[in-house]
Amino acid sequence: MPSSAVTAGTPQAAHADAAAVVIDGVVKHFGHVHALRSITARIHYGRLTGLVGPDGAGKTTLMRILAGLLVPNAGHATLAGHDVVRDNDAIHVASGYMPQRFGLYEDLSVMENLRLYAQLRGLDADRHAGLFADLLEFTRLGPFTARLAGKLSGGMKQKLGLACALMARPRVLLLDEPGVGVDPVSRQELWRMVQALTDEGMAVVWSTAYLDEAERCESVLLLNQGQLLFDGPPRELTAQLEGRSFRLEDVGAGRRAILAEALGLDSVSDGVIQGAGVRVVLRAGAPVEPVAALADAAQLQLTPVPARFEDAFIDLLGGGPGGSSALAERLPPVELGSDIAVSCRNLTKRFGDFTATDNVSFDVHKGEIFGLLGPNGAGKSTTFKMLCGLLRPTAGEAHVVGHDLRRASGAAKSRLGYMAQKFSLYGLLSVRQNLEFSAGVYQLEGDTRRERIAEMIETFDLGDWLSATPDSLPLGHKQRLALACALMHRPPVLFLDEPTSGVDPITRREFWTHINGLARKGVTIMVTTHFMDEAEYCDRVAMLSRARLIALDTPDALKRTAARAGRADPTMEDAFIHLVESADLELAGTA
Amino acid sequence: MNAVSQRLSALVYKESLQALRDPSTLLIAFALPVVLLFLFAYAVSLDARDVRIGVVLESEGASAQALAAAFSGTRYLDPRFVHDRREVADKLISGELRGYVVIPHDFEQRLAGRGSVPLVQIITDGSYPNTANYVENYARGVVQTWRAGLDVAAPPQTVALEPRYWFNAELESRRALIPGAIAIVMTIIGTMLTALVVAREWERGTMEAVLSTPASVVEILIGKLLPYFTLGMLATLGAAALAVFVFDVPLRGSLAALLLLSAVFMVPALGQGLLISSLARNQFLAAQIALFTGFLPSFMLSGFLYEIDAMPAPVRAITRLIPARYFVDSLKTAFLAGDIWAVFIPDVLAMATIGGLFFWLARRATRKNLE
């Protein structure tokens, strides 16, 4: 059977000029929360359309409306010519939908899941064999048909979800954040598959909060707070910013100070650290001279760079936050007995016969921002948890500020701050009670306690929210509160576990402003992340794969390893993929 | 229609695979009934036998001795004989004894004195009201029997009572409890398990994925009900076999009637599970609601443990809404009396009506999409 049988092999020519999806004034609200405010757009066949926006922008709501799972409060939407409300049954036939969370049965095997979806889609049992063979080849899941879906890796789960959504040759494929929780290697595989599908005439909608993913789409719908900010090819949007993006090259150790200084200029709307350099975006119509003067004063080279989609997005939202952190300004410089804040030697953790962390050693210097990167299941979280005293190592040793984590984990814990994924705030306590609780946990008493809490409230501008619950806070404030709780006892070492997943770019910038400020005061930062551009903020990055440390260097040095002919300026993502793949090859070679 | 039946069979097959792979399902369906039946067969007994009491013999007379001896003649009481009430009072307080009988020092004189009735004091532990009642009644009975045997001159009783207990001649509570236990097991499987597995689909996001296929909510729910109906029937059969062959409960009615009753009871049980699942989208909440609206009422208000006739009128009225009440009633009849259709038919009608109501409510409450 030809591979086109998997996908939309039916003649699409007749629909070539008709839009795959027509969205006309769609409004959706849940109670008093406005998820979508009058969205109007078209999505075309044979194209990959990105549905782009930060968390809470309304992406999932729009996806569910298109999949016929939610009914809009006003407006209309049609998919492949069928109204999503009136012809609901036809929608389920014409569309393939992959929900955000892995929606397949984890206690069924790969093949059982495929069979179930084939039958639910009304496919003829006799034709299964050929169809399954195609899908398994397409997704490269062939060797795993008997494995329970729950035991697949994050990337393989997404591919299985894709296979199930593709089952009945949908005309329109709706993928809700397929890239979340998927490492760059698996993400590249997904791109490859989606590319093949659009080449055959299918309309694919890929929703994402990663702005670098948006850049790869042929067309994007950019959503923010329920409003459509932009509809068209990403190039068109970035073209508006051409000539406004610059990079200060090889800034080196002073780059955080330079970034803060650049963000303080009126002419600069946005800036981020990129390896040893600092990337700045000018406001519309602003002169380049002030930045050039800054570069001259610091004897740095200023080069124009191509605009990125993210630059355009931040610009659409009115620019990023300023560069100074009120928090860091108040903080006294950290004094430590030694230059090494965190160290581990031959750190190993086994769960039964599974080795999650295998013989990992490194030192982290005082005031360093140290990143832990790696594909899903590489052992990042396990290593991280051992370093902050949440897991006991099977072998090897780890020290935080000189305290041995195996013998004095209590003493070590009192010297580190920890900010967990999803912030882990107490939803039933008010903002003030959350602050008081964390002050209590770290045994702050009397005047110190009152002063410290008042200081956090003032620094993070939480005064208006004291009696609100954390869940009712805007995301940015929620993140500030979590950071305030983790910093209450002024720890010299701060652990951040995927601190910005699901956070919009503006809030992320604000967060990194604080982190940069802290690092300048000598606080040591340990961070895990899935965002490759966040890895650029790190002084050094440790790359883990299959439980082993495969690389440890500055972001720029890591990127250089991936340089080759035709790719002079590799991105962090290129470096990631390159390193993981060559480590796998090496492993295969020795085995 | 063909597409519908294909989807249904795929859903039923999937659900069966999941049920078979989930150890907790099998535990609830097969291990739990066994545990419950053993518990009700051996551990729980509503019969008070060998109740420990004290007999305080303050009188040394022959009649007093004879009365005391009469207390050891009954299997319902387990008397300890002492001569001073202070010896037993502490034991009553510490719970070692459930009551004591005092045969006072002037017992002989009162017995001899014409017209005066001999006085015997009975002290019972009121913190166990049921047992206290037993102690009082048994002790009264012992005294009266002894008195009747003593006084040949006393006027013969005009009416002699000769009690017979139908259906459960030995008055063994086990025989009445085990059929009731089957109703509890069926409630757990029908209501709790169903509510849990539907809530699990919402919780894990699988419902969203399945809903985006041509399968409708109704098909998805029927695909859930059929396997659990079968599981419930299998568990009933197993429990009935255990009751008859291991616990010696007679099955005086027919197996067909038993199966019919069970099948009809599954209607309200599953309907209630569905209704709960349409309200609760996480397993914890579903389990809590199932516990309070399904399991506890069928435990307390079905007449399984506590007799409905003994309940106050408002509670009695509430029991009419509990499907397990009708099932317990019918089950007891089927096991202990036989196929009495005059009992079964109203019970079956009541269960079917309540079940229909649950399904109607569940149908209204179940959203067809993610709204």
Checklist entry - Between segment A:392-450 and segment A:533-591, how many Å separate their Cα centres? => result 32
Checklist entry - In debye to the nearest 20, how big a dipole does segment A:3-237 give about its Cα centre with +1 on each Lys and Arg Cβ and -1 on each Asp and Glu Cβ? => result 260
Checklist outcome for this item: Plugging the Cβ-Cβ distance of residue A:424 and residue A:467 into 1/(1 + (r/R0)^6) at R0 = 30 Å yields, to the nearest 0.05, a FRET efficiency of 0.90
Checklist entry - Of A:38, A:203, A:114, which is farthest on the positive side of the dipole of segment A:3-237, counting Cα position, with +1 on Lys and Arg Cβ, -1 on Asp and Glu Cβ, and the Cα centre as origin? => result A:114
Next on the checklist: With just the Cα atoms defining each centre, how far is segment A:484-498 from segment A:284-324? Give it in Å.
Outcome noted: 30
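Can you give the extra length, in nm with one decimal, that the chain gains between residue A:346 and residue A:106 once fully stretched, where that is 0.36 nm per residue apart less the Cα-Cα distance?
The span from residue A:346 to residue A:106 would gain 82.9 nm if fully extended.
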Checklist entry - How far is it, in nm, from the label point at residue A:324 to the one at residue B:24 when both lie 7 Å from their Cα along the line to the Cβ? => result 5.5
Item to check | Choice from B:179, B:214, B:297 with maximal GNM fluctuation in chain B (Cα, 10 Å cutoff) | outcome: B:214
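Using the Kyte-Doolittle scale, which helices in chain B average at least 1.0 and also have C-alpha atoms spread 20 Å or more along the helix axis, with helices defined as whole DSSP H runs? Present the calculation step by step, with values, prior to reporting the outcome.
Working: long enough: B:2-21 (28 Å, -0.08); B:129-150 (31 Å, -0.55); B:173-187 (21 Å, 1.09); B:217-245 (42 Å, 1.79); B:255-279 (36 Å, 2.03); B:341-365 (35 Å, 1.23).
Passing helices, by number: B:173-187, B:217-245, B:255-279, B:341-365.
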Checklist outcome for this item: Gyration tensor on Cα atoms of segment A:443-484, a ≥ b ≥ c root eigenvalues, a/c under 1.5 rounded, else prolate if a/b beats b/c, else oblate, says prolate
Checklist outcome for this item: Most fluctuating of B:182, B:354, B:345 in the GNM of chain B (C-alpha, under 10 Å) is B:345
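Which loop GluC sites (Glu not before Pro) in segment B:33-112, with loop taken from DSSP, have no more than 13 other Cβ atoms within 10 angstrom of their Cβ?
B:60, B:96
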Item to check | Selected from B:49, B:204, B:86 as most flexible by GNM, with chain B as the system and alpha-carbon contacts under 10 Å | outcome: B:86
Checklist entry - Once every DSSP H run of n ≥ 4 in chain A is given -39500 (n - 2.57) and the sum is divided by its residues, what mean residue ellipticity at 222 nm do you get, rounded to the nearest 500 deg cm²/dmol? => result -10000 deg cm²/dmol
Checklist outcome for this item: The relative contact order of chain A, taking Cα pairs under 8 Å that sit 6 or more residues apart, comes to a percentage of 13
Checklist entry - With each pseudo-label sitting 7 Å past Cα toward Cβ, what's the residue B:293-residue A:569 distance in nm, one decimal? => result 6.2
Item to check | Contact order relative to length of segment A:241-323, as percent, for alpha carbon pairs under 8 angstrom and 6 or more apart | outcome: 42
Checklist entry - In whole Å, how far is the Cα centre of segment A:47-109 from that of segment B:88-147? => result 79
Checklist outcome for this item: Amide H contacts under 5 Å for residue A:20, restricted to residues at least 5 apart in sequence or on another chain and with H modeled in the peptide plane, are A:43, A:44, A:45
Next on the checklist: Could you work out [θ]222 nm for chain B from helices alone, using -39500 (n - 2.57) per DSSP H run of at least four and dividing by all its residues? Round to the nearest 500 deg cm²/dmol.
Outcome noted: -18500 deg cm²/dmol
Next on the checklist: Give me the dipole magnitude in Debye, nearest 20, for chain A about the Cα centre, with unit charges on the beta carbon: positive for Lys and Arg, negative for Asp and Glu.
Outcome noted: 1300
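What FRET efficiency comes out for residue B:84 versus residue B:300 if R0 is 35 angstrom and r is the Cβ-Cβ distance? Round to the nearest 0.05.
Computed FRET efficiency for residue B:84 and residue B:300: 0.20.
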Item to check | For residue A:38, residues with placed amide H under 5 Å, excluding near neighbours | outcome: A:27, A:28
Checklist entry - For residue A:397 and residue A:71, FRET efficiency with R0 = 51 Å and r from the beta-carbon atoms, rounded to 0.05? => result 0.30
Checklist entry - Got a sec? Charge dipole of segment A:241-323, +1 on Cβ for Lys and Arg, -1 for Asp and Glu; which of A:303, A:258, A:281 is way out at the positive end? => result A:258
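Please state the relative contact order of segment B:27-148 as a whole percent: Cα pairs under 8 Å, 6+ residues apart? Don't jump to the answer; show the numbers that get you there.
Numbers: 161 pairs, mean separation 31.6, N = 122.
RCO, segment B:27-148: 26 percent.
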Next on the checklist: How far apart, in nanometres, would the label points at residue B:166 and residue B:62 be if each is projected 7 angstrom from Cα along the Cα-to-Cβ direction?
Outcome noted: 4.7
Checklist outcome for this item: The answer for the net charge of residues other than residue B:4 whose Cβ lies under 15 angstrom from its Cβ, with Lys and Arg +1 and Asp and Glu -1, is 0
Checklist entry - Considering only B:180, B:351, B:128, whose Cα is most displaced toward the positive end of the charge dipole of chain B, charges sitting on Cβ of Lys, Arg (+1) and Asp, Glu (-1)? => result B:351
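Values in this text are rule-based calculations from the coordinates and carry no lab data. Computed from a predicted model, the values in this text were never measured in an experiment. So basically every Cβ, Gly included, is an ideal-geometry build from the backbone, and we count neighbours across all protein chains shown.
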